[in-house]
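So the structure is just underneath, and the comments pick up after that.
The values are calculated or read from the model by the stated rules, or taken from the named source; none is laboratory data. Because the structure is predicted, anything quoted here is derived from the model rather than measured. Here the Cβ positions follow ideal geometry from the backbone for every residue, glycine too, while neighbour counts run over all protein chains shown.
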Amino acid sequence: MMLKRVFSKCMLRPSDLKPLHEGTRVIGAFNPGVVKDTDDGVTYLVVRVVEEPLDVREDAWASPRIVGEDEGGGDGGIEIDWIDKADVDLSDPRVYHVISTGLIRLRFISHLRVYVSKDGRTIDKQIGTIYPEGQYEVYGIEDPRITRIGERFYMTYVAVSEHGAATALMSTKDFRSFERHGVILPPDNKDVILFPELIDGKYVAMHRPMPSLRLTKPEIWLGHSKDLKHWGEHEQLMGSRESVYRDRIGGGTPPVRMEMGYLSLYHGSDKQAGEEGVGVYTAGAFVMDKVDPRRVVARTAKPIMRPEEDYELRGFVNNVVFPTAVVEEGDMYLIYYGAADENVGVTAFKKEDLHRALQLV
């Protein structure tokens, strides 16, 4: 059941931004980590910004990587690795599949930019930039998720390098300075989302391993930690068999506590076997038990959100809505999301409409 949107708005587009690196252009600003600071009423957005090289060759594709750091603490610029066009499969618009090695390289490189919004709907200004740093971020940093725990805001993000796509953690009190805590889950693991409070004295996180053996399609797992650094007690939480998606699912938004339990939106693709591209990305919702979040107590039977607006239907990857944050505002949930792997969108659902769409399991 598709939910009626109260409103929808594109908050940020690539055309709004200037590139960080010389010789590149911005092709995406999407998948924002978002949180509203209840102390000052300001909404903070940490946005993944994607740049691709302008340089082209007739016989090779460009794949950028970060080299070193500059004296100001930023990244030291990019270098281009050139990949023989005859050795590349371009079936996925996001990556180069190198035929001779069986590995992939990215077509672009990502960093993060920090923005503030007073009303949660309009970007007011940029207040910072977070650069890739170290050997595990050579191919960039991506897809932040932000959760407030106590007096600090914790942000997971994907660290990409020749070693794979790992998940790293940083934290802040003011979104002006960030403390890095390093890699917390090794490759290949993405969509790591922290719960807003400890349960039985432990931190809890959803995460999405990427099984290379393909015994299963990507699923949502749950893990526990006493210190946010060492994670264990991993259990499968929800897979495509338990959802409406046949291809893959992944965690989307940090959980919001409600009477029934912890509410979270997730993304999924219903790509069919043999279908080209990545399929249509839509969003569903589910609720985990507030005492034992390993138990899914309710979920939506069908997607509640699918690409509708022009900036969701057409972009770097067409037909994508990718929810990354929920902010409560009166009788509404504001949903922040990546649109078409290119833009930042915000929409809203009435709480009662979303609650009504949930079915007990």
Subset of the range 170-199 that is touching a residue at least 60 places away in the same chain (Cβ under 8 Å) and under 15 Å from the mean Cα position of the chain (by Cα) - its residue that is nearest to Arg65 (Cα to Cα): Lys190
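Return the total of residues in the range 89-108 being closer than 21 Å to Ile78 by Cβ and touching a residue at least 60 places away in the same chain (Cβ under 8 Å).
3
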Matching residues, the range 7-39, being assigned to a strand (DSSP E or B) and within 18 Å of Gly140 (Cα to Cα): Thr24, Arg25, Val26, Ile27, Gly28, Ala29, Phe30, Asn31, Pro32, Gly33
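Quick one: in the range 40-51, which of the residues that are in contact (Cβ under 8 Å) with a residue 12 or more places away in the chain and surrounded by fewer than 20 Cβ atoms within 10 Å (Cβ to Cβ) is nearest to Asp174 (Cα to Cα)? Let's see the steps before the verdict.
Step one: list which residues in the range 40-51 are in contact (Cβ under 8 Å) with a residue 12 or more places away in the chain, which gives 41-51.
Okay, now just the ones that are also surrounded by fewer than 20 Cβ atoms within 10 Å (Cβ to Cβ), so 41-42.
Numbers: Gly41: 13, Val42: 11 Å.
That would be Val42.
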Residues located in the range 184-205, provided they are assigned to a strand (DSSP E or B) and within 22 Å of His163 (Cα to Cα): Ile184, Leu185, Asn189, Lys190, Asp191, Val192, Ile193
What do you reckon, is Thr253 touching a strand residue (DSSP E or B) at 6+ places or on another chain (Cβ under 6 Å), surrounded by 23 or more Cβ atoms within 10 Å (Cβ to Cβ), in a strand (DSSP E or B) and of a type in the set (S, T, N, Q)? no
(1) closer than 26 Å to Phe153 by Cα; (2) out of contact with any helix residue (DSSP H, G or I) (no Cβ under 7 Å at 6 or more places or on another chain): which one isn't true of Gly279, the others all being true? (1)
Top-ranked residue of the range 209-234 - restricted to ones that are among the aliphatic types (A, V, I, L, M) and in contact with a Phe, Trp or Tyr (Cβ under 9 Å, 6 or more places away or on another chain), ranked as nearest to Asp292 (Cα to Cα): Ile220
Any chance Val361 is aliphatic (A, V, I, L, M) and under 19 Å from the mean Cα position of the chain (by Cα): no
Could you pull out the residue among Val320, Val327 that is within 22 Å of Tyr157 (Cα to Cα) and either at pLDDT below 95 or surrounded by fewer than 21 Cβ atoms within 10 Å (Cβ to Cβ) (or both)? Val327
Does Asp143 meet the test of being surrounded by fewer than 17 Cβ atoms within 10 Å (Cβ to Cβ) and either outside any strand (DSSP E or B) or not hydroxyl-bearing (Ser, Thr, Tyr) (or both)? no
